[in-house]
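One structure below.
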Amino acid sequence: MQEKYNPQDVERSAQAHWHARDAYRVVEDARDARGAPKPKYYACSMLPYPSGKLHMGHVRNYTINDMLARQLRMKGYNVLMPMGWDAFGLPAENAALKNGVPPAQWTYDNIAHMKGQMQAMGLGIDWSREVASCDASYYKWNQWLFLKMLEKGIAYRKTQVVNWDPVDMTVLANEQVIDGRGWRTGALVEKKEIPGYYLKITDYAEELLDHVQIGNPKATLSGWPDRVRLMQENWIGKSEGVRFAFPHDIRDDDGALIGDGKMYVFTTRADTIMGVTFCAVAPEHPLAAQAAKTNPGLAAFIEKCKQGGTTEAELAARDKEGMPTGLTVTHPLTGEPVPLWVGNYVLMGYGDGAVMGVPAHDERDFAFALKYGLSILQVVHVDGQEYDYTHWHDWYADKQHGITINSDNFSGLPYPAAVDAVAHALQQKGLGEKKTTWRLRDWGISRQRYWGTPIPIIHCDACGAVPVPEQDLPVVLPQDLVPDGSGNPLARCGAFLNVACPRCGQPARRETDTMDTFVDSSWYFMRYCDPANEQAMVAGGTRYWMPMDQYIGGVEHAILHLLYARFWTKVMRDMGLVSFDEPFTRLLTQGMVLNHIFFERGPKGEKNYHPPETVTPVLDADGHLVGGRLADGTLLEYGGVGKMGKTERNGVDPQDLIDKYGADTARLYTMFTAPPELTLEWNDAAVEGSYRFLRRVWNFGVKLSAIENAAASALLASAAAQSGLEFSKNAKTLRHEVHSVLGQIDYDYQRLQYNTVVSGAMKLLNALEAFQPDGSPGDKAALAEGFSKLVRVLSPVTPHIAHVLWGELGFAAVQGELLDAPWPTVDPEALKQDELELMLQVNGKLRGAVMVPASASKEDIERIALASEAFAKHGGGGAVKKVIVVPGRLVNVVVA
């Protein structure tokens, strides 16, 4: 056994052994030594985008998964831990534009590099199940299920409003629109209506909500974090309210009433209907368009509103602006005219694209009314409160305690009764009714991009949009095209574009839109179970492994990815492909990895960032970090700690860490520094500390190797009750501490608190290092047993050093390879003690400790305490009034 710890040699040796053995290949019919089927466990991390190299967030995520998988494997489970690549998407196209190479080449090069990094991390991945979403054998099934959805009406085609860059001639994502201009060209972005395909996720809204909603008796996702469940619930957004119409006489150029003379809105606050003082419509609303025809100022305002993004989140972040149309609609209950405005905060795609304005009881409307001098009419009163028309107070929107006022026949009613009464009155007039609405909208999957799953549709002038026949799947994406910024290259690729119509045989053209990449990630975890099946999307592997037992990933994916995966699963269930309702039984959202941010300001105020490792920290008088200094003396500002990122240049390259300290140190550090679900703040000193700990573990193994038959001694200690092995007092103390800590470590493994697992391992090493064996067989056995347990509890987090130590000390020859060695268990006999240490108090103050026999009676404990040196020293010679004994903990002597 080499004397010094060399992580590169250790890790090279361990990985070569695992590779030669194909140690991580998993099969569905795995059995234990007795021939009984092993229980299955499927643990999966969210697959990465192949951006080029791993970051520390990846290292943390995958190490959590690896620890779970390795420990459960040792406990006798058949554990699946696969990996793949979310390989389609915009970054590859951007790289192609920048470097002039096909996205496919860039993507596959990155996959090869990142796979090598994962292997260097020692991750126990079954690479035989690897999938890449850009592989036709994978995305064939995206296309196949899309066609099945089309047959069942779950997929459909309609027009959609998109951000259109007129120079690049392409659709932009909302985050690519900066101040109304394209991120690359700087051209003013246009809003354009184009046809696209949608999936009816709204058909599943009720079930998606029921299964995730906290407190719902139908909920099945109790293994998910509450905050994620709440985020999903809010995104689905079920609202009970009233949908009703404001009648109007606004006509189009042909004299026809627009919308049949009714402008519909939805509200959850029908109790405030008598407080409506204006209405607002989206810039794209037909009433706004009609008003703009004779109002150039309004037309210009509408065009301004259309610049920028189209999502609810982006609109919510805008300053609320509006302009009157000069038109009015009629209040449905009072018959009074209500001025109609266009508001930049109203989204056409949500509800009916119109809202009623009740400034007195809606904070957004209140601010809007103050800004534009609109009327505010209080119609809800809360006892003990006085309304202030100049400042918003939260009680204005109180549904629980409010009573209607200034509302004619509806005055004096609490919220529920007022809503019912208003809904009834509107229904009697034929203008409205109670209704449930959802924030969730159907999922638009069409992307006007090249690098994605081709949508399997052929457009024929005679037959229209024709589905590609199933036998012709997959529609293969050409992999040699290079985007040049002049639109989707598929539209100029004749070999792809030109095809015969499957129905009439006439010349036709393929759909050039590709699918949203969320489609790729909505079911990849099922494909891991049947990766080589060419005949079916899912098969026997999925029946065996799914639903997934543990899913691990970042909280940034808590809404869309998880929601789409749940929807996709339910569609597959309804088509008879799977038999489960939810894909993920338990979910862990790991925290981000943070690092310090330093920057200097450029001439225009821009921030120029510098890597933390190039900066000397500058501290204030109290020792607080306030800035930094470069080697040339340049002073930098301090931006606090934030997520590691390329922009801030505060990332740490895992490969640098591996090259310097080894993968085991990187793994140990990311697990020890913080609980998995919390953020981890990078600390170079703690990395050094992790490395020093592993060096101590190695050194102790070297020391133990000098003890003859260490492995046999460890087994002898574990079977001490049967062997009659005698332990010294010190050996018994060591075994008690080892097995006590082991019990806590085992509990921490069960609850995935891996930071305290590592701290427990450190306690074990401290106890072993402090033990001074007397050379007896019992002492040797206790020492070897303790180290064998330390190696096993460390093996999930630092598998390389554990593997080599296990083999070098002979444990593998006796107990089998570490990967499948039995998980260490607590010996109840070791927890039994001959003596107990009790804290000694005098008049309630801690004055020392006393040792008492484990079997001592209350009277014996009193006698020993009163006879102790500690009591003699601190008792003060006073008379003993009483002695209080707390069994197993303390004895308190009360003196006069």
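Quick one: which of Lys604/Lys643; Lys158/Lys191; Lys40/Lys115 span more than 21 angstrom between C-alpha atoms?
Lys604/Lys643; Lys40/Lys115
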Item to check | Pairs beyond 22 Å (Cα-Cα), from Lys192/Lys304; Lys152/Lys262; Lys218/Lys238 | outcome: Lys152/Lys262
Next on the checklist: How tilted is helix 415-428 with respect to the longest principal axis of the chain? Cα atoms for both, answer in degrees (0 to 90, nearest 10).
Outcome noted: 30
Item to check | Qualifying lysines (Cα of each under 27 Å from Cα of Lys703; at least 8 residues distant if same chain) | outcome: Lys4, Lys660, Lys729, Lys732, Lys763, Lys780, Lys789
Next on the checklist: Give the aspartates and glutamates reachable from Lys53 as a straight Cα distance under 18 Å; neighbours fewer than 8 places away on the same chain don't count.
Outcome noted: Asp86, Glu93, Asp109, Glu130, Glu648, Asp653, Asp656, Asp659
Checklist entry - Roughly how tilted is helix 663-672, in degrees to the nearest 10 and between 0 and 90, from the longest Cα axis of the chain? => result 80
Item to check | Hydrodynamic radius of the chain per Kirkwood, over alpha carbon pairs, in Å | outcome: 32.9
Next on the checklist: 7 Å from Cα along Cα→Cβ at both Gln772 and Asp388: what's the point-to-point distance in nm?
Outcome noted: 7.4
Next on the checklist: With +1 on the Cβ of every Lys and Arg and -1 on the Cβ of every Asp and Glu, and nothing else charged, how large is the dipole of the range 680-831 about its Cα centre, in debye rounded to the nearest 20?
Outcome noted: 160
Checklist entry - In terms of Cα to Cα distance under 26 Å, which lysines are near enough to Lys882, apart from those fewer than 8 places away along the same chain? => result Lys845, Lys858, Lys873
Checklist outcome for this item: Between Thr185 and Ala849, Cβ-based FRET efficiency (R0 51 Å, step 0.05) works out to 0.10
Next on the checklist: As a test of the formula, what do you get for the chain when each DSSP H run with n ≥ 4 contributes -39,500 (n - 2.57) and the sum is divided by the residue count, at 222 nm and rounded to the nearest 500 deg cm²/dmol?
Outcome noted: -11000 deg cm²/dmol
Item to check | Cβ crowding within 10 Å averaged over residues, with 132-138, 521-527, 683-689 ranked highest first | outcome: 521-527, 132-138, 683-689
Checklist outcome for this item: Out of Trp438, His381, Ala360 - ranked by how far each Cα lies towards the positive end of the dipole of the range 322-446, with unit charges on the beta-carbon of charged residues - the top one is Trp438
Checklist outcome for this item: Protection proxy (average C-beta count within 10 Å per residue), highest first, orders 754-762, 613-621, 820-828 as 754-762, 820-828, 613-621
Checklist entry - Hey, got the dipole for the chain? About the Cα centre, +1 on K and R Cβ, -1 on D and E Cβ, debye to the nearest 20? => result 1160
Checklist entry - With the contact rule set at Cα under 8 Å and sequence spacing of 6 or more, what percent relative contact order holds for the chain? => result 13
Checklist entry - In degrees, nearest 10, range 0 to 90: what is the angle between the Cα axis of helix 226-236 and the longest Cα principal axis of the chain? => result 10
Checklist outcome for this item: The farthest towards the positive end of the charge dipole of the chain, of the residues Gln232, Ala539, Trp183, given +1 on Cβ of Lys and Arg and -1 on Cβ of Asp and Glu, is Ala539
Item to check | Ordering of 147-154, 43-50, 91-98, 605-612 by burial proxy (mean other Cβ atoms within 10 Å per residue, highest first) | outcome: 43-50, 91-98, 147-154, 605-612
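Only the coordinates and a few stated rules stand behind these numbers; no lab work does. Here the structure is a predicted model, which is why all the values come from computation and not from measurement. So basically every Cβ, Gly included, is an ideal-geometry build from the backbone, and we count neighbours across all protein chains shown.
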